[in-house]
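Note sheet for the following structure.
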Amino acid sequence: MKTTPFTDIHVALGAKMHEFARYNMPIEYSGIMDEHHTVVNGVGVFDVSHMGEFWVKGPHALEFLQRVTSNDASLLTPGKAQYTSFLNEEGGIVDDFIVYQFEPEKYLMVVNAANIEKDWDWCQQWNTMGAELENASDRIALLAVQGPKAMATMQKLTNADLSAIPYYSFVTATFAGVDNVIISNTGYTGAGGFELYFYTDGGKKIWDALFEAGEEFGIKPAGLGARDTLRLEMGFCLYGNDLDETTTPLQAGLGWITKFVENKPFVGREALQKEKEDGITRKLCCFEMIDRGIPRQGYDIMHEEEGIIGHVTSGSMSPLLKVGIGMGYVKPDYAKPDTEIIIKVRDRSLKAKVVKPPFRK
């Protein structure tokens, strides 16, 4: 298994470790419930250095991005980030990711860990215009400092005014004495905070400084388990669960990152335009259990009059709501809020209702 610059620290702290995307990653430290509440109420630190980073540079950089991404990269300006996706020719999602613009001819794509090789090959395949591509995944580390006390913790360690960085914006600054750190107002928890990108040799210095600065706020390390429950409470999609190459952005409620603008012949555009005209056959919805039970990926979603209408893609017990919550694709007629559905949990048929995300208001 691969390691991150923080693997030895995780092991020394007694984290429960497990393979994820071929990396040895911390799943939990003090427990998913405790880490979840720490992030929602204070500040937690996630090691997400397993994510992939691709540089896109040169005079053909924007042309390349417009070809391979569903969103409109021409809207980006230096210091701004954009959520987007790679699509296949059938409109299915190859990956969802964030792209950052540093200069008009310099961008950074941050892709999902499990898809690094697939995405890199995809970029190579469609780079017919000659953009300069560099896979920097093994040289860049990433920490997500999340929660309402994240800014107060981090501001002690940089002269950059963190309060002046809007959502989905970033700066490059000195942080904890380490130069050229990308400080991005993004995250996957819905609890606020920032993500820090830096070269791997600065990792321990930044980690130690963060935990010293955040001690007064009860800062704790958090694992991938809490990251999953936090994103689910917000209704954020997870690639491999809620998104894959058979699901389209329109089905997943991501039409807002799919721009049918002039002079943007992106991969998958024709298939999506046809789907938009014909209408989607399934739709991703969020649901909350009425009966006591925990929905899990793969469980059948049913309606008492029509039988099976879909399947659960993500599910868990909500640490804040103390009820089972989940997401899944169903026939569009059953995706409307307050629609009562049935989740087949083993041999039990449990009542649930469709709700509008986020679960955590």
Problem set entry | Over the chain - Rg/Rh using Cα atoms and the Kirkwood inverse-distance radius | 0.97
Exercise. What distance in nm separates the simple spin-label points at residue 306 and residue 179, each placed 7 Å from Cα in the Cβ direction?
Worked result: 6.1
Exercise. All other residues with a Cβ under 10 Å from the Cβ of residue 9 taken together, and with Lys, Arg as +1 and Asp, Glu as -1, what is their net charge?
Worked result: -2
Problem set entry | Spacing of the two label points (7 Å from each Cα toward its C-beta) at residue 250 and residue 161, in nm | 4.5
Seminar exercise, completed: the chain, Gaussian network, Cα under 10 Å: of 224, 254, 13, the residue fluctuating most is 13
For this session: Using Cα pairs closer than 8 Å and at least 6 residues apart in sequence, work out the relative contact order for the stretch 1-80, in percent.
Result: 20
Exercise. How many percent of Cα pairs in the stretch 151-214 exceed 19 Å?
Worked result: 24
Seminar exercise, completed: At the level of C-alpha centres, the distance separating the stretch 221-284 and the stretch 105-145, in angstrom, is 19
For this session: Please find the FRET efficiency linking residue 89 to residue 208, where r is the Cβ-Cβ separation and R0 is fixed at 35 Å, and quote it to the nearest 0.05.
Result: 0.15
Seminar exercise, completed: Those chymotrypsin sites (Phe, Trp or Tyr not before Pro) from the stretch 228-291 that are DSSP loop and have at most 14 other Cβ neighbours within 10 Å turn out to be 260
Problem set entry | Charge tally in the Cβ shell below 13 Å around residue 269, where Lys, Arg are +1 and Asp, Glu are -1, residue 269 excluded | -2
For this session: Take the eigenvalues of the Cα gyration tensor for the stretch 112-200, scale each by 5, and report the square roots as semi-axes in whole Å, largest first.
Result: 29, 15, 12
Exercise. In percent, what relative contact order does the stretch 281-355 have, based on Cα pairs under 8 Å that are 6 or more apart in sequence?
Worked result: 40
Exercise. In terms of the Cα gyration tensor, with a ≥ b ≥ c the square roots of its eigenvalues, is the stretch 1-55 rounded because a/c is under 1.5, prolate because a/b exceeds b/c, or oblate?
Worked result: oblate
Problem set entry | the chain: relative contact order as a whole-number percent, Cα under 8 Å and 6+ apart | 18
For this session: List the longest stretch of the chain that has no exposed loop site; here a site is one of the GluC sites (Glu not before Pro) assigned by DSSP to anything other than H, G, I, E or B, with at most 16 other Cβ within 10 Å.
Result: 106-244
Seminar exercise, completed: Computed on Cα atoms, Rg of the stretch 1-153 relative to 2.2 N^0.38 Å comes out at 1.17
Exercise. If you take the beta carbon distance between residue 277 and residue 33 as r and set R0 to 41 Å, what does 1/(1 + (r/R0)^6) give as a FRET efficiency, to the nearest 0.05?
Worked result: 0.35
For this session: Could you tell me what % of all Cα pairs in the stretch 281-355 have separations over 17 Å?
Result: 29
Problem set entry | Linear extension gain, residue 168 paired with residue 234, 0.36 nm per residue minus alpha-carbon span | 22.1 nm
Problem set entry | Point-charge dipole on Cβ atoms (K/R +1, D/E -1) for the chain, about Cα centre, debye to 20 | 780
Problem set entry | Chain lengthening between residue 11 and residue 288 when straightened (0.36 nm per residue, less Cα-Cα) | 96.2 nm
Exercise. P(r) for the stretch 184-224: what percent of alpha-carbon pairs falls in each 10 Å bin, starting at zero?
Worked result: 22, 55, 22
Problem set entry | Local electrostatic count at residue 122 - Lys and Arg +1, Asp and Glu -1, tallied over other residues with Cβ under 12 Å | -4
Exercise. GNM on the chain, C-alpha springs below 10 Å: top fluctuator among 52, 193, 177?
Worked result: 177
For this session: Report the residue, chosen from 144, 173, 226, that carries the largest GNM mean-square fluctuation when the chain is represented by alpha-carbon nodes joined by springs under 10 Å.
Result: 173
Exercise. Any idea how far apart residue 261 and residue 320 come out in nm if each label point goes 7 Å out from Cα toward Cβ?
Worked result: 3.3
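Where a number appears in this text, it was derived from the coordinates with a stated rule and is not lab data. Bear in mind the structure is a predicted one, so any value in this text is a computation, not a measurement. Glycine also receives a Cβ, built like all others from the backbone with ideal geometry; neighbour counts cover every protein chain displayed.
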